[in-house]
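**Q** Next up is a structure, given as structure tokens.
The values are calculated or read from the model by the stated rules, or taken from the named source; none is laboratory data. Treat the numbers as computed from the prediction; the structure is a model and nothing was measured. Every residue, glycine as well, gets a Cβ built from its backbone with ideal geometry; the counts of neighbours run over all protein chains shown.
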């Protein structure tokens, strides 16, 4: 019996895999594998995006023009390797439009500077607050007047985890 080469009837029949059609191997940079796999997995459930805007004032005639499929990663994630999601708890940031249970998109590649909403670990506890500078000192401020600003004291372990770029919440 000869060795090597193609064997009749060997291998998976075309169209029997999860994609229902023939496949072929492709070489990808390792850094893109996760992104490509997410695209392949979610492609069938892509959400339609219409080209027309929706009036928040007076109604306007509806356009039936489909712009394409919407990939939320393209709109919410700037640096995939530096981005994570976290769920907000509490009401201290309601003035910034962040409510209890909201999903926050956090980018670690953006510089945390005064005015930005950040995720900070203060003495081992995570919090979401606006970073501010008062009289040359950084502090964390809530966007709810019932909460006092958090001043940093000597000996505090403060680590800025990233900047909140987007908030996702239900109506």
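**Q** Name the residue that is surrounded by the most Cβ atoms within 10 Å (Cβ to Cβ), counting only residues in segment 130-171 that are touching a helix residue (DSSP H, G or I) at 6+ places or on another chain (Cβ under 9 Å) and part of a strand (DSSP E or B).
**A** Result: 164.
**Q** Let me ask something additional. Hey, residue 111 hits all of (1) surrounded by fewer than 12 Cβ atoms within 10 Å (Cβ to Cβ); (2) without any contact (Cβ under 8 Å) to a residue 40 or more places away in the chain but one; which does it fall short on?
**A** Answer for residue 111: the failing condition is (2).
**Q** What is the number of the single condition among (1) out of contact with any helix residue (DSSP H, G or I) (no Cβ under 6 Å at 6 or more places or on another chain); (2) at pLDDT below 95 that residue 96 does not meet?
**A** Failed condition: (2).
**Q** For residue 56, state whether it is modelled with pLDDT under 60 and outside the structural domain of residue 101 (by TED's automatic domain parsing).
**A** Working: modelled with pLDDT under 60: no; outside the structural domain of residue 101 (by TED's automatic domain parsing): yes.
So residue 56 fails the test.
**Q** Shifting gears a bit: So, of the residues in segment 135-147 that are in contact with a strand residue (DSSP E or B) (Cβ under 9 Å, 6 or more places away or on another chain) and more than 12 Å from residue 93 (Cα to Cα), which turns out to be modelled with the highest pLDDT? Let's see the steps before the verdict.
**A** Let us first name the residues in segment 135-147 that are in contact with a strand residue (DSSP E or B) (Cβ under 9 Å, 6 or more places away or on another chain), namely 137-143, 147.
Adding the requirement that they be more than 12 Å from residue 93 (Cα to Cα) leaves 137-139.
Numbers: 137: 88, 138: 89, 139: 93.
Only one residue tops the list, namely 139.
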